[in-house]
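Colleague: For reference, the structure I am asking about is given below.
The values are calculated or read from the model by the stated rules, or taken from the named source; none is laboratory data. In this text, all values refer to a predicted model and were calculated from it rather than measured experimentally. When we count neighbours, we look across all protein chains shown, and the Cβ atoms used for this are built from the backbone with ideal geometry, even at glycine. Heads up: the accessible areas ignore ligands, DNA and RNA and are worked out on the full protein's heavy atoms, side chains in. Shrake-Rupley method; radii C 1.70, N 1.55, O 1.52, S 1.80 Å.
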Amino acid sequence: MVYDWFNRQSETAPTHPPTDPEASSQDSQQETAANVDDDPLEWARQAYARLKAQKEQANAITAEPESESAEAEPAEAEPAPVAGLSLLEQAAAQRQERQQQLEQEPEVADQPIADATVAADRDEEPSLGEFDDTFTWSAEVLAAQGRQAGQVTLEEIDWLSRLRQGLEKTRQGFVTGLLENLGDDPLTPEVLDDLESLLLRADAGVKATDQVLDALRKRMNEQVVDPSEGIRFLKEQLRDLLDAPIKSSGVDLLAPQRGQLNVWLMVGVNGVGKTTTLGKLANLAVRSGYSAMIAAADTFRAAAVQQVQVWGDRSDVPVVANPSANADPAAVVFDAIGAARSKGTDLVLVDTAGRLQTKHNLMEELNKIRRVVDRLAPDATVESLLVLDASQGQNGLKQAMAFARAAGLTGVVITKLDGTARGGVALAVASEAGLPIRFIGAGEGIRDLRPFNSFEFVEALLAGR
């Protein structure tokens with residue numbers, strides 16, 4: 001089954017749907033009987049039972065064909081000899097056929113064989129763990145977004161558990177202090193002062209902090225605000241702040257447009273994880289049912305091309321590169337666009353060299369790449385995504401604002417949220433740089449990057465309240 005993460009839906013129908021209308025009606029009644037508002041624990045149990053049954057059924061289905069094929073299929077047969085040809089002539093004909101096949105493929109970089117870790121990453125599938133607090137929390141987050149128990153997917157449960165774990169360091173510093181200050185009494189000005197310190201320590205930025213606190217003070221002046229209402233209102237304000245640039249962009253969820261070429265440029269300074277992020281995006285696209293290609297246009301950094309090749313191998317995504325020293329990045333993009341158009345590829349991901357926004361020659365290189373894309377594929381949808389390291393905090397914010405002016409950014413990817421207590425920088429990026437957050441990374445694994453969802457981010461940030 002392919003789960004399209006960009007559109008949050010499965011592309012295959014449920015296996016073996018009920019044929020008995022009475023049974024189907026009973027299932028529907030049982031599903032609606034446990035309303036998440038009335039009994040969230042029972043709702044989560046229903047979701048867990050459905051996922052467990054689906055997993056067992058999928059395992060049984062995949063096991064049957066393997067056993068049948070093991071009995072029925074003989075050993076790998078040799079190609080049938082062609083009548084009238086000698087063995088040498090047959091071998092020559094086979095070599096010529098393979099050569100013709102290779103010539104029809106676009107020129108791509110040789111990809112080294114990945115190690116055992118790469119193979120494990122490629123074969124990694126989400127697993128259904130125990131029915132514990134993590135599962136029930138993840139199910140409740142999905143339920144709060146209007147999902148039914150039968151619509152909960154293992155892919156989403158797996159990601160939410162990763163996101164919650166990834167934001168642990170930020171949550172420990174933020175939520176623990178918040179709980180100590182709130183207690184059971186209504187909100188007071190002193191509590192808001194403490195909240196201000198917590199937000200600033202999480203690198204939420206002055207503008208975002210002021211916006212949230214002003215809204216809370218206004219609510220306090222209108223009525224007495226108890227702790228639970230204060231938390232609910234705080235979550236609402238944080239979501240609105242994160243969603244504002246997304247709504248302004250007119251694109252709620254960034255996804256490759258099917259039926260046309262999409263080119264996403266990955267930009268940023270050295271060390272933020274551009275190449276790693278690009279590799280994870282390639283994997284995400286393939287898992288979501290899109291065809292992808294990588295342009296290794298970082299020709300400046302040593303071993304950058306080899307690193308991209310490994311990421312391409314992880315997801316079976318072709319990599320277009322020029323292994324020669326000091327190759328022109330725009331020429332690599334030129335070759336990639338040509339190959340993608342000939343193959344009907346959905347998405348081309350362009351890895352660019354790390355650069356400071358003050359380096360005018362390197363910024364001009366980005367403009368040259370963009371001109372090549374516009375000339376070769378004028379109808380393509382082009383995105384320029386800045387990769388930010390969350391652990392850099394306010395320094396990352398300054399990078400975002402400078403790059404936004406110089407590189408025509410359309411969005412931000414925030415990485416390494418799992419390694420810092422500064423996850424609040426997402427709020428600063430949205431409020432001060434005015435850039436929509438498109439993807440977030442919360443781990444080292446190949447599956448630890450997903451499209452940004454403000455509701456899920458805030459819930460994970462404030463998990464436990």
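Colleague: Specify the residue that is modelled with the highest pLDDT; the eligible residues are those in the stretch 121-153 that are open to solvent by 60 Å² or more (accessible area, probe 1.4 Å) and within 19 Å of Gly279 (Cβ to Cβ). Lay out the reasoning, then the answer.
Modeller: Start the filter on the stretch 121-153 by keeping residues that are open to solvent by 60 Å² or more (accessible area, probe 1.4 Å), which leaves 122-123, 125, 127, 130-133, 140, 144-145, 148, 151.
Restricting the remaining residues to those that are within 19 Å of Gly279 (Cβ to Cβ) gives 122-123, 125.
Details: Arg122: 43, Asp123: 45, Glu125: 74.
Among residues in the stretch 121-153 that are open to solvent by 60 Å² or more (accessible area, probe 1.4 Å) and within 19 Å of Gly279 (Cβ to Cβ), the one modelled with the highest pLDDT is Glu125.
Colleague: Does the stretch 221-239 include one or more residues that are under 27 Å from the mean Cα position of the chain (by Cα), without any contact (Cβ under 8 Å) to a residue 40 or more places away in the chain, surrounded by 15 or more Cβ atoms within 10 Å (Cβ to Cβ) and assigned to a helix (DSSP H, G or I)? Quick ask: steps written out before the conclusion?
Modeller: Pass one, the stretch 221-239, residues under 27 Å from the mean Cα position of the chain (by Cα): 232, 234-239.
When the remaining residues are screened for being without any contact (Cβ under 8 Å) to a residue 40 or more places away in the chain, the result is 232, 236-237.
Applying the additional criterion that residues be surrounded by 15 or more Cβ atoms within 10 Å (Cβ to Cβ) yields 237.
Next cut, assigned to a helix (DSSP H, G or I) only: 237.
Yes, that holds for at least one residue.
Colleague: Of all residues in the stretch 437-465, how many are of a type outside the set (D, E, K, R), closer than 22 Å to Asn283 by Cβ and part of a loop (DSSP other than H, G, I, E, B)? Full working, then the answer.
Modeller: Of the stretch 437-465, the ones of a type outside the set (D, E, K, R) are 437, 439-443, 445-446, 449, 451-455, 457-458, 460-464.
Filter once more, keeping what is closer than 22 Å to Asn283 by Cβ: 437, 439-443, 445-446, 449, 451-453, 457, 460.
Still in the running and part of a loop (DSSP other than H, G, I, E, B): 442-443, 445-446, 452-453.
Result for the stretch 437-465: 6.
Colleague: Only one of Leu397, Leu427, Leu449 is under 23 Å from Asp4 (Cα atoms) and open to solvent by less than 10 Å² (accessible area, probe 1.4 Å); which?
Modeller: On the way: Leu397 fails: under 23 Å from Asp4 (Cα atoms); Leu427 fails: under 23 Å from Asp4 (Cα atoms).
After applying the criteria, what remains is Leu449.
Colleague: Can you tell which of Ser384, Ser324, Ser342 is surrounded by 17 or more Cβ atoms within 10 Å (Cβ to Cβ) and of a type outside the set (A, V, I, L, M)? I'd like the intermediate steps shown before the answer.
Modeller: Values: Ser324 fails: surrounded by 17 or more Cβ atoms within 10 Å (Cβ to Cβ); Ser342 fails: surrounded by 17 or more Cβ atoms within 10 Å (Cβ to Cβ).
The match here is Ser384.
Colleague: Also, quick follow-up: Please state which one of Ala330, Ala285 is of a type in the set (A, V, I, L, M), closer than 19 Å to Val413 by Cα and touching a residue at least 24 places away in the same chain (Cβ under 8 Å). Steps first, answer last, please.
Modeller: Values: Ala330 fails: closer than 19 Å to Val413 by Cα.
One residue alone meets the criteria, Ala285.
Colleague: Look at Gly443 and say whether it is in contact (Cβ under 8 Å) with a residue 24 or more places away in the chain and surrounded by fewer than 23 Cβ atoms within 10 Å (Cβ to Cβ). Before you say what the answer is, go through the steps one by one.
Modeller: Numbers: in contact (Cβ under 8 Å) with a residue 24 or more places away in the chain: yes; surrounded by fewer than 23 Cβ atoms within 10 Å (Cβ to Cβ): yes.
Yes; evaluated as a whole, the condition is true for this residue.
Colleague: Within the stretch 348-367, does at least one residue satisfy the condition of being over 19 Å from the mean Cα position of the chain (by Cα), closer than 18 Å to Ile246 by Cβ and open to solvent by 50 Å² or more (accessible area, probe 1.4 Å)?
Modeller: Checking the stretch 348-367: not a single residue is over 19 Å from the mean Cα position of the chain (by Cα), closer than 18 Å to Ile246 by Cβ and open to solvent by 50 Å² or more (accessible area, probe 1.4 Å).
Colleague: Further question: Residues to consider are Val373, Val348, Val382; find the one that is part of a helix (DSSP H, G or I) and either farther than 15 Å from Ala295 by Cα or at pLDDT 90 or above (or both). Quick ask: steps written out before the conclusion?
Modeller: Details: Val348 fails: part of a helix (DSSP H, G or I); Val382 fails: part of a helix (DSSP H, G or I).
Result of the check over Val373, Val348, Val382: Val373.
Colleague: Exactly one of (1) crowded, with 23+ Cβ neighbours inside 10 Å; (2) over 28 Å from Asn7 (Cα atoms) is unmet by Ile294. Its number?
Modeller: So Ile294 meets the others, but not (2).
Colleague: Between Leu213, Leu199, which is assigned to a helix (DSSP H, G or I), open to solvent by less than 70 Å² (accessible area, probe 1.4 Å), modelled with pLDDT under 90 and under 26 Å from Gly396 (Cβ atoms)? Don't jump to the end; show me each part of the working.
Modeller: Values: Leu213 fails: modelled with pLDDT under 90.
On inspection, the qualifying residue turns out to be Leu199.
Colleague: In the stretch 301-318, what residues are open to solvent by 50 Å² or more (accessible area, probe 1.4 Å) and touching a residue at least 12 places away in the same chain (Cβ under 8 Å)? Give the steps one after another, and end with the answer.
Modeller: Applying the first criterion (open to solvent by 50 Å² or more (accessible area, probe 1.4 Å)) to the stretch 301-318 yields 301-303, 306-307, 316.
Result: Arg301, Gln306, Gln307, Asp316.
Colleague: Take the stretch 240-262 and flag every residue that is more than 24 Å from Ala442 (Cα to Cα) and open to solvent by less than 10 Å² (accessible area, probe 1.4 Å).
Modeller: Asn262
Colleague: Counting only residues that are open to solvent by 60 Å² or more (accessible area, probe 1.4 Å) and either in a loop (DSSP other than H, G, I, E, B) or of a type in the set (Ser, Thr, Tyr) (or both), which one in the stretch 35-66 is modelled with the highest pLDDT?
Modeller: Only one residue fits best here, namely Asp39.
Colleague: Okay, next question. Could you list all residues from the stretch 243-283 that are more than 20 Å from Thr299 (Cα to Cα), among the polar types (S, T, N, Q) and in a helix (DSSP H, G or I)?
Modeller: Hits for the stretch 243-283 are Ser248, Ser249, Asn283.
Colleague: Quick check, is Ser431 over 15 Å from the mean Cα position of the chain (by Cα) and within 18 Å of Ala285 (Cα to Cα)? So that I can check it myself, show each step before the final result.
Modeller: On the way: over 15 Å from the mean Cα position of the chain (by Cα): yes; within 18 Å of Ala285 (Cα to Cα): no.
For Ser431, the condition - over 15 Å from the mean Cα position of the chain (by Cα) and within 18 Å of Ala285 (Cα to Cα) - is not met.
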